[in-house]
Amino acid sequence: VIVGNTFYNCSSGIAGADARDPNGESITSSTPYGDIVGDIGSVIVGNAFYGGPINNPEGSENNSSYAIAVGPKSVVNGNVIMHYNGGIRLVNNAVDCVVQGNYIHLSPLSNSVGIRIYDGAHYANVSGNTIIGSKAGEIGVSIEAANDIMITSTNMRSLLTAVTLGADSERITIKNCKISDVTDPWAPIRIFG
């Protein structure tokens, strides 16, 4: 449980380990909780991450990949992430995560993602978040080979692309989101594969 901390001009944030079952195989949503090895059940609530030279001109460029990375069955709620190169990452096989009510303002120096859902991170519930970019190349939410993802009531603006959906993903719901000021010439929501 990580609650109410403030991180200033750090080159990293809170990093989650990979998720797997004891024999090294990938886990699924039916893997028993007690059989999961790695970072599980993290609760990361109400933290503030202020990174990069915009907030500290004398400091070095923040070259972290994500402010927060978590494994399965984790809750990431009410955090503020300013000028990191990436916001929140659900690691491979991070099933059953809740990402809710976070404010993410990506660094104008980045070409990264506000919320990235990696392969096998099924059943993610992403709701009530705000993701802001600088139109330089950022993506609001990126989903890579994950199923049963719900994205609701999320405000995404000033990005290159609001949502990208990778190949081999199924049952993705995008509902009641506000998408504005997106510069992608093809579409604010891009489906690949």
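The values are calculated or read from the model by the stated rules, or taken from the named source; none is laboratory data. Please read all numbers here as calculations on a predicted model, not as lab measurements. Here Cβ is always computed from backbone atoms with ideal geometry, including for glycine, and neighbour counts include all displayed protein chains. Accessible surface areas use protein heavy atoms only, side chains included; no ligands, DNA or RNA. Shrake-Rupley method; radii C 1.70, N 1.55, O 1.52, S 1.80 Å.
General observations
- Measuring only protein heavy atoms, the 1.4 Å probe finds ILE179 accessible over about 60 Å².
- In a fully extended conformation the segment linking THR6 and VAL43 would gain 11.8 nm over its present Cα-Cα distance, using 0.36 nm per residue.
- With the simple spin-label model, which puts each label point 7 Å out from Cα in the Cβ direction, the GLU170 to TYR103 separation comes to 4.0 nm.
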